[in-house]
1. Within the range 103-126, work out how many residues are free of Cβ contacts under 8 Å to residues at least 60 places away in the same chain and more than 12 Å from the chain's Cα centre (by Cα).
2. Do you know which of the residues in the range 100-152 that are in a helix (DSSP H, G or I) and out of contact with any helix residue (DSSP H, G or I) (no Cβ under 8 Å at 6 or more places or on another chain) is surrounded by the fewest Cβ atoms within 10 Å (Cβ to Cβ)?
3. If you go through the range 165-194 one residue at a time, how many are over 26 Å from residue 33 (Cβ atoms) and surrounded by 13 or more Cβ atoms within 10 Å (Cβ to Cβ)?
4. Restricting to the range 1-21, and then to whatever is assigned to a helix (DSSP H, G or I) and in contact with a strand residue (DSSP E or B) (Cβ under 8 Å, 6 or more places away or on another chain), can you tell me which residue is farthest from residue 61 (Cα to Cα)?
5. Going by the structure shown, is residue 162 in contact with a strand residue (DSSP E or B) (Cβ under 9 Å, 6 or more places away or on another chain), loosely packed, with under 14 Cβ neighbours inside 10 Å and either touching a residue at least 60 places away in the same chain (Cβ under 8 Å) or closer than 27 Å to residue 60 by Cα (or both)?
6. Scan the range 166-181 for residues that are touching a helix residue (DSSP H, G or I) at 6+ places or on another chain (Cβ under 7 Å) and not in a helix (DSSP H, G or I) and jot them down.
7. Quick one: how many residues across the range 69-98 are over 16 Å from residue 118 (Cβ atoms), touching a strand residue (DSSP E or B) at 6+ places or on another chain (Cβ under 9 Å) and without any contact (Cβ under 8 Å) to a residue 40 or more places away in the chain?
8. For the range 82-96, give me each residue that is surrounded by fewer than 24 Cβ atoms within 10 Å (Cβ to Cβ) and either at positive phi or touching a helix residue (DSSP H, G or I) at 6+ places or on another chain (Cβ under 7 Å) (or both).
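The values are calculated or read from the model by the stated rules, or taken from the named source; none is laboratory data. On a predicted model such as this, the values are computed, not experimentally measured, just so you know. Please note: Cβ atoms are built from the backbone with ideal geometry, for glycine as well, and neighbour counts cover all protein chains shown.
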């Protein structure tokens, strides 16, 4: 049986948006602003879910952006974080971004990672995770974030990944609510608890 290739191709608008941002982006708030804007534009362009992410090096150079591409690609793996990590790994040429701890990369995400994305973080090679909206903010509009341990932040920290939460949370929550208000597709909704 022949299987079609999985190609991650970001839409042209992502490149156009990135032209408006300096490199490096030294301030974490400004990096998160870019990520929230990726999520916002993903909603505005009618592409997919209301999520954005990006991998930066420690000085603020953008390594790879990511947007949620689940619906358009027909592939449940293509969450914004997974796209950003995959493109960053291809960009630097290794599956472990840190190369055994020699390099320090940060993942910025417009919403805390779901169970799938959380599982990918320890093997990705990132050293720090910045999150805007919380998982409960995504669940409030109907998304299922999966079964995550309640102490997931501590679990990541024990594995050497620092976590900073709530960076521009209200801006990211506004994107989620806008998506829901526009009737955006809630794929894999929270299971009914009947």
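1. Selection size over the range 103-126: 9.
2. Among those residues, the one meeting the criterion is 136.
3. Residues meeting the conditions: 3.
4. If we take residues in the range 1-21 being assigned to a helix (DSSP H, G or I) and in contact with a strand residue (DSSP E or B) (Cβ under 8 Å, 6 or more places away or on another chain), then 14 is farthest from residue 61 (Cα to Cα).
5. Taking the combined requirement at face value, the residue satisfies it.
6. Scanning the range 166-181 gives 167, 168.
7. Residues that pass the stated criteria total 6.
8. Within the range 82-96, 93, 95 qualify.
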